[in-house]
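Peer 1: Please read through the structure below; I'll follow up with questions.
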Amino acid sequence: MPTRGVVYVHSTPLAVCPHVEWAISRVLVAPVNLHWTAQPLDPSGRRAECGWTGRPGTGAELAAALRQWPMIRFEVTEEPSPGADGERYMHVPGRGLFRATIGAAGDIQLGEDRIRAILAASPAPEAIAHALDKAMGTAWDTELEPYRHAGEGAPVTLLTRVG
């Protein structure tokens, strides 16, 4: 059963754009030609996004392929599908890659065992809040949010995984 998702390249140096396309092409086993636009928050950077369809796990493969370039700010989402949770990957330079399970509405889902572990390891309300922020990737969200808004209205390319 296929699933779908989106790759958001929020910011990458111009010289890396072809490498990003080649990495996505290798995962999707299909040629990729993204529509790159200037990134208003990074005058030397470019941004692009593309929707994709493929088998469950394609989002993880895309994130692994893109993290080869530590200077890229990107997100990869994969919608839930029968028998598979959805996923969101966020990458920020200097912070690395963050992965979370997401629900049908795109919100991050924390399992009860993870919440119990946070509560057990956190002696004070401030520690609980800090641990929950960490588990939800708040630091990545905070750094990416301005880049998300800067990309509103930009063109989207739709891609399908072959095979």
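The values are calculated or read from the model by the stated rules, or taken from the named source; none is laboratory data. This structure is a prediction, so every number in the text was calculated from the model and none was measured. A quick note on method: Cβ atoms are made from the backbone with ideal geometry, for glycine too, and the neighbour counts reach across all protein chains shown.
Peer 1: Taking segment 55-71 as the region of interest, how many residues are in a loop (DSSP other than H, G, I, E, B), under 17 Å from LEU28 (Cα atoms) and among the aliphatic types (A, V, I, L, M)?
Peer 2: Narrowing segment 55-71 to residues in a loop (DSSP other than H, G, I, E, B): 55-57, 67-71.
Imposing the further condition that a residue be under 17 Å from LEU28 (Cα atoms) reduces the set to 55-57, 67-68.
Pick out the ones that are also among the aliphatic types (A, V, I, L, M) and you get none.
Here the count works out to 0.
Peer 1: Checking LEU14 against (1) in contact with a Lys or Arg (Cβ under 8 Å, 6 or more places away or on another chain); (2) loosely packed, with under 15 Cβ neighbours inside 10 Å; (3) closer than 16 Å to ALA65 by Cα: exactly one of these is not met. Which one?
Peer 2: Going through (1) in contact with a Lys or Arg (Cβ under 8 Å, 6 or more places away or on another chain); (2) loosely packed, with under 15 Cβ neighbours inside 10 Å; (3) closer than 16 Å to ALA65 by Cα one by one, LEU14 breaks only (3).
Peer 1: Right, another one. Here is a list: GLY45, GLY54. Which entry is farther than 29 Å from LYS134 by Cα and buried (at least 19 other Cβ atoms within 10 Å of the Cβ)? I'd like the intermediate steps shown before the answer.
Peer 2: On the way: GLY45 fails: farther than 29 Å from LYS134 by Cα.
The conditions single out GLY54.
Peer 1: A further question on this structure: Among the residues that make up segment 104-119, is at least one of them at pLDDT below 95 and closer than 28 Å to GLU21 by Cβ?
Peer 2: Scanning segment 104-119 turns up at least one residue that is at pLDDT below 95 and closer than 28 Å to GLU21 by Cβ.
Peer 1: To continue, here is another question. Quickly run through segment 15-41 and pick out the residues that are without any contact (Cβ under 8 Å) to a residue 40 or more places away in the chain and under 16 Å from TYR147 (Cα atoms).
Peer 2: TRP36, ALA38
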